[in-house]
Structure formats: structure tokens, C-alpha cells
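Notes for the one structure printed next.
Each value in this text was obtained by applying a stated rule to the coordinates, not by laboratory testing. Please read these numbers as outputs of a predicted model, since none were measured by experiment. Cβ: placed from backbone, ideal geometry, glycine included. Neighbour counts: every protein chain shown.
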Amino acid sequence: MKKQISLFAVIVFASLFLNACSKLQQENPPTQPTASIHGEGFANPVSSNSHVKYIQGHNWDIQACKACHGANYAGGTSQKSCLTCHSKRNGPENCTTCHGGVNPAPPTDLAGNINRSAHGVGAHQVHISYGYSCSTCHISPSKVTSPGHLDGVKGAEIHFDTTGYFATNPSYNFSDNKCSNIYCHGNFQNGNQSNKVLWTDTTGNGALCGTCHGDITRSDKEDRARPKTVEEGGTHPNRVDGKTVLQCYQCHVHVVDANLNFVNKSLHLNGKVDF
Ligand code: HEC
Ligand code: HEC
Ligand code: HEC
Ligand code: HEC
Ligand code: HEC
Ligand code: HEC
């Protein structure tokens, strides 16, 4: 039997709908009960009753939504599809729905931050641009429901890849956001073993010659980059035949040029010394 729809309910429904989605389909008036099951503003992300806040308050679990919105979030018995707004692949389960943007890595972080000074954002995109994948530092889920992903432990867990050249007891300190014992950042022969790189650094200093190997305080760029020599307790060759100091490129010719610019970046930080 067709239910009587009050004008008031139609207005409430329409304004709700308008708030969230510009595509109000007035030619299709609601045929379902209009007293909202979720309360007013649920579709509106800035409402105090938004589904965004609801989901965040329920450990980001959206599996229960499927009972009424359908197994593929296309509407189900609720006849309200999530896909009208969440139109990417896999709908709301797309990897960028809750974090990330251009790729699944923050920004945006889980709290909506976009600045690198936020621990959820940090140096993610720098590492992605160098070609590192999520699994370098996390156990990467293949889907939202993968074990360990939304596990009730608030915030991300760090699991460094300890295979291959990363196998050097790397660690991340959640209280000061610093990493230690990271191969790339100095944990190698003649490297700066005590270098603790700040994940939330915004100065760019962590990428300067002399931070991971050499001595950042020296004035000359080549000297800054020069790893610990025999005189400094290391083994890096400094002088040839006891006197001549060669430039870096004279030995590491496939890595850097005479101006210390990288000629082949993929030979730097790759687990071995290249010449
Ligand atoms: C018990 C059934 C049921 C469950 C479970 C359910 N919904 Fe709904 N939802 C509905 C119905 C029915 C509507 C349409 C009428 C209304 O707004 O109440 C709706 C509407 C919505 C809307 C508004 C859609 C629009 O286009 O205006 C959003 C957003 C929404 N639900 C999100 C969710 C989320 C997120 C979950 C899981 C956390 C969820 N729902 C779980 C039944 C349900
Ligand atoms: C009317 C449009 C609309 C509908 C329908 C809708 N959403 Fe959303 N949803 C949004 C907007 C807008 C955001 C916030 C996006 C942002 O902040 O970048 C959002 C955010 C989310 C988030 C991310 C939460 C977070 O912490 O960032 C999830 C998960 C989500 N929606 C699930 C659902 C599910 C499941 C449904 C269907 C049951 C649904 N949404 C229906 C508009 C909608
Ligand atoms: C170089 C290491 C590294 C890589 C690579 C990396 N992450 Fe992270 N990730 C971190 C660190 C460190 C944190 C911050 C942990 C903290 O302090 O809460 C973090 C936090 C996060 C968070 C939580 C954000 C928040 O708001 O708390 C998410 C989500 C995340 N990473 C996803 C990803 C995804 C997806 C990828 C791959 C596309 C990725 N990460 C690649 C190191 C990394
Ligand atoms: C419904 C929201 C949501 C969606 C969709 C989502 N994530 Fe997450 N993701 C989170 C939350 C929340 C965390 C922080 C961990 C926690 O709080 O349990 C997280 C953390 C992560 C992390 C950090 C490691 C960890 O598990 O702590 C990675 C990597 C990650 N997600 C990758 C992905 C990938 C890949 C996808 C797509 C297959 C995806 N996420 C989809 C909410 C989501
Ligand atoms: C005379 C040849 C020579 C010159 C010049 C030279 N290197 Fe090396 N470099 C080597 C050799 C040989 C190794 C491997 C040393 C070892 O195993 O201890 C090496 C290794 C390295 C390493 C890895 C850490 C280590 O010591 O094993 C770095 C970093 C490095 N060189 C940077 C530089 C920089 C920067 C310069 C210029 C300031 C430079 N090198 C100049 C021969 C040279
Ligand atoms: C993020 C840390 C980091 C920074 C910053 C850094 N390096 Fe390196 N560098 C490494 C690592 C790791 C190696 C490889 C050491 C190994 O495997 O033994 C390396 C090796 C080298 C080598 C030896 C050739 C090779 O195998 O790549 C040269 C030359 C070099 N770096 C020059 C530079 C110069 C010049 C700068 C500044 C522009 C610089 N590095 C900045 C981490 C760094």
C-alpha cells in the first residue's frame, strides 16, 4: 500500500539530499519511508551527524552497512547507493576513501591533515616518489578487510621490510617520530649509524649530503658527503698513494658527476656501493 508522504518530510529529505549531492533527482520522489533511519545530515560530511564521523567512531568498519546498502554498496534494500558519491573502483572500499589522495598514502591522513608536520602525513609522498611501496614500512592490506588493517589498534602500525638490504633492525619511535637503524639513512658500513631521521621534518635537511654518510657540518659539499675515512675510524678510501684526494665521480663515475649531481639515481640507496 502506498504511504502518504507529508510535505514536511519531503522538504527535510530534499534538503538533506541537496546538502550532500547536487544531483537531486526531483523527477524521482522518494518511495521509501522518509523518516531517516540515520537521522538528519548523515550524508553530509560536515554535519555533526555525518556518516564520516559515525564510521570513524566505529573503527572505520563499513561492513555492516552492506546489510541494507547491498553487498556492492549499490543500494540493496535501502535503495540508497553509496556509489553515487563514492564512484571510484570498489566504491567506499577504495583505498583512498579514508586516507590518501593521489595514491593511498597520506596526505590526506586519517584526521584530515595534509601538512608534512602531521605524523600521519610525514614523508610519505617523498618515499612514494622514490619508488618505495607501502610494504617497505607497513604490512600492506590487499583489501579493507585484510587481517591487521582495521584491527582495533588505533593508528598505523609500522612493520619494516627486513628482507634484502633493509635487514638492519630498523625501528620507528611513535613518541618522537624518529627512525633509527635504517639502511637508507645511514645504517651501513661507514654510514652515520646514529642518524635519527625525523619523519615529520619539513626542512628537507634529511636529504642533504652529510646526513646519512659524511659530516653535515663541513663547509665543502664533497667533504660533507665523504664517508668515514681510515683517519676517522672508517674504511672509506680518502687519499690515493697517500696524498691525492680524488673527487667522488672519479671512482663513483656511474653514480655522480663532477658537480656531485646524480647521473643515475637508481644506483644510490640500492643496497650496494656502485662505481
Ligand atoms: C538497517 C538498514 C541500514 C543500515 C545497516 C545502514 N543504512 Fe544507511 N540508509 C538506510 C536507508 C533505508 C536509507 C535511506 C533512507 C534514509 O535516509 O533513512 C539510508 C541512507 C543512507 C545515507 C544517505 C544516502 C543518500 O543518498 O541520501 C547514507 C550516507 C547512509 N545511509 C550511510 C550508511 C552507512 C555509512 C552505513 C554503515 C555504517 C549505513 N548507512 C548502514 C538503511 C541502512
Ligand atoms: C551524498 C554523498 C555520499 C553518500 C551517498 C555516501 N557518502 Fe560516504 N562520504 C561522502 C563524503 C563527501 C565524504 C567525505 C570525503 C572527504 O572528506 O574527502 C565521505 C566519506 C566516507 C568515508 C571516509 C571516512 C573517513 O574517515 O574519511 C567512508 C568510509 C564512507 N564515506 C562510506 C560510505 C558508505 C559505506 C556509504 C553508503 C552506505 C556512503 N559513504 C555514502 C559522501 C557520501
Ligand atoms: C618510509 C616508510 C613508509 C612508507 C613507504 C609508507 N608509510 Fe605509511 N606510515 C609511515 C609512518 C612512519 C607513519 C606514521 C606513524 C605514526 O606516527 O602514527 C605512517 C602512517 C600511515 C597511516 C596512518 C595515518 C594517520 O593518520 O595516522 C596510513 C593510513 C599509512 N601510513 C598508509 C600508507 C600507505 C597506503 C602507504 C603506501 C602507499 C604507506 N603508508 C607507505 C611510514 C611509511
Ligand atoms: C574504511 C576506511 C579505510 C579504507 C577504505 C582503507 N583504509 Fe587503510 N587504514 C584505515 C585506518 C583507520 C588505518 C589505521 C589503522 C587502524 O586504525 O587500525 C589504515 C591503515 C592503513 C595502512 C597502514 C598500516 C596499518 O594497517 O596500520 C596501510 C598500508 C593501509 N591502510 C592501506 C590501505 C589500502 C591498500 C587500502 C585499499 C585496499 C585501504 N588502506 C583502505 C582505513 C581505511
Ligand atoms: C679512490 C676511489 C674513491 C673515491 C675518490 C671515492 N670513493 Fe666512495 N667508495 C670507494 C670504495 C672503494 C668504496 C667501498 C669502501 C669500503 O667497502 O669500505 C666506497 C664506498 C662509498 C660509500 C659507501 C660507504 C662506504 O664507505 O663503504 C659512499 C657513501 C661513498 N663511497 C661516497 C663517496 C663520496 C661522497 C665520495 C666523494 C667525497 C667518494 N665516495 C669518493 C671509492 C672511492
Ligand atoms: C637518505 C640518506 C642519504 C643521503 C641524504 C645521501 N646519501 Fe649517498 N648514499 C646513501 C646510501 C644508503 C648509500 C649506499 C651505501 C651502501 O650501500 O653501502 C649511499 C652511497 C653514496 C655514494 C656511493 C655510490 C653509490 O653506491 O651510490 C655516493 C657517491 C653518494 N652516496 C653521494 C651522495 C651525495 C653527493 C649526496 C648529497 C646529494 C648523498 N649521497 C646523500 C644514503 C644517502
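List of remarks:
- Using a Gaussian network model of the chain in which every pair of alpha carbons under 10 angstrom is joined by a spring, one finds that among 165, 183, 130 the greatest mean-square fluctuation is at 130.
- Per residue, the convex hull spanned by the Cα atoms of region 86-188 measures out at 121 cubic angstrom.
- With contacts taken as Cα pairs under 8 Å at a separation of at least 6 residues, the chain carries a relative contact order of 7 percent.
- Over the chain, equivalent-ellipsoid semi-axes from the Cα gyration tensor in Å: 56, 17, 15
- 22 Å Cα-Cα threshold exceeded, pairs from 243/272; 178/221; 196/228; 53/80; 154/196; 53/154: 243/272; 178/221; 154/196
- FRET E, pair residue 174, residue 215, Förster distance 45 Å, beta-carbon r, rounded to 0.05: 0.95
- Per-bin percent of Cα-Cα distances, region 176-240 [5 Å]: 4, 19, 26, 25, 15, 8, 3, 1, 0
- For the residues 85, 184, 137, a GNM of the chain with alpha-carbon springs under 10 Å puts the largest fluctuation on 85.
- Sorted largest first, extent of region 214-275 alpha carbons per principal axis (Å): 30, 27, 23
- Cα-based equivalent ellipsoid, region 144-207: semi-axes from gyration tensor eigenvalues, Å: 25, 16, 9
- Once both labels are positioned 7 Å from their Cα atoms along Cα-to-Cβ, the gap between residue 250 and residue 153 label points is 5.1 nm.
- Spread over its residues, the convex hull of the C-alpha atoms of region 100-147 is 87 Å³ per residue.
- Residue 261 versus residue 94: modelled label distance in nm, points set 7 Å from Cα along the beta carbon direction: 3.8
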